[in-house]
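Here's the structure, in C-alpha cells; my notes come after.
Bear in mind these aren't lab numbers, they're just calculated from the coordinates by the rules spelled out. These numbers were taken from a predicted model, which means no experiment stands behind them. Counting neighbours? That spans all protein chains shown, and the Cβs are built from the backbone with ideal geometry, glycine included.
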Amino acid sequence: MTVAEPHKKKEEEPAIVAAALLAGAWKEALEEYDYKNLLAETLSYCVKKRDMDLVGYLITGKKVYLVVFIKPSKLGAMLSVFFTELKQRLDDWKREQKHKATLFHNSTTTLVLPASAEALFVRRPFSDPYLLSLITGHEVDLPYYDPQLERLKDRIKAERFCSAVDYSGGKGPVVLPEELNRADRYIE
C-alpha cells in the first residue's frame, strides 16, 4: 500500500507583466516637466531601493506604461509601493511649492491629492504588442507598411521619458536594472 503524495501547489513563475496607468485630476496642477520628472524619480527609486525589475516604461502626458518582470499576483503590491512613494514625493513637492510662494509672494496652483495613494491612477488594460516590444528594446518589422506602427515608432523616438532611449544605447531619466540585455529573455 502506498501513500499518495499530497498535491503540491505549483509555484507561480515570474513573467513579463504590463500595466497602463491613467493619471488622475491631480496631474493637472503640475507642469508636464514636474509631472514626468516626479514619475521618473519615483520609478528610479523603486528600481534601486524596492527591487522593481523594470523592463520598460513610457511616461506620456496622460499615461504611464510600465513593463516589469514579476510574479503576476505580485503586481498589485508592487504598484501600491510605487503609488505610495509617488504620493510622498507629491506631498513634498506641494510643500516646496507652498514655501516658494510664501518666499516670493506668488500665488501657486493648488495640488489636490486623493486620500489614497492607489487613487492617483486608474489602471487600464495594456494590450498593444507593438508598444510592448518597442519600449522593451525589440524591433517590430512587418512584411507590409503599417502607418499606425510607423506613427508609434516616431512617437517612441520623440519621447524623452521612455526606456527605448536606454535600449538604443542612450541614458534615459529612469534607472533601469544593471543587466539591460536581460530583456531578451523576457519576451519571446
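Among the listed pairs K10/K71; K27/K74; K62/K94; K74/K94; K27/K171, which are separated by more than 23 Å between their Cα atoms? Show your work: numbers first, answer last.
Numbers: K10/K71 13 Å; K27/K74 26 Å; K62/K94 20 Å; K74/K94 30 Å; K27/K171 26 Å.
K27/K74; K74/K94; K27/K171, as the Cα separations exceed 23 Å there.
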Per-residue HN-Hα couplings for segment 160-169 [Karplus 6.51, -1.76, 1.60; θ = phi - 60°; Hz; x = Gly/Pro]: 6, 9, 8, 5, 4, 4, 5, 6, 8, x
Efficiency of FRET from Cβ geometry, R95 and S73, R₀ 45 Å, rounded to 0.05: 0.80
J(HN,Hα) series, segment 28-40, from Karplus relation 6.51 cos²θ - 1.76 cosθ + 1.60, nearest Hz, glycine and proline x: 5, 7, 10, 5, 4, 4, 5, 4, 5, 5, 4, 5, 5
Residue (of S80, V55, Q148) at the positive-pole extreme of segment 41-156, dipole from beta-carbon charges: S80
Potential extension, L142-D154 segment - 0.36 nm per residue separation minus Cα distance: 2.8 nm
Computed label-point distance, nm, for sites D34 and A15 using a 7 Å Cα→Cβ extension: 4.0
Residues with amide H under 5 Å from that of G56, placed H, sequence gap 5 or more: V67
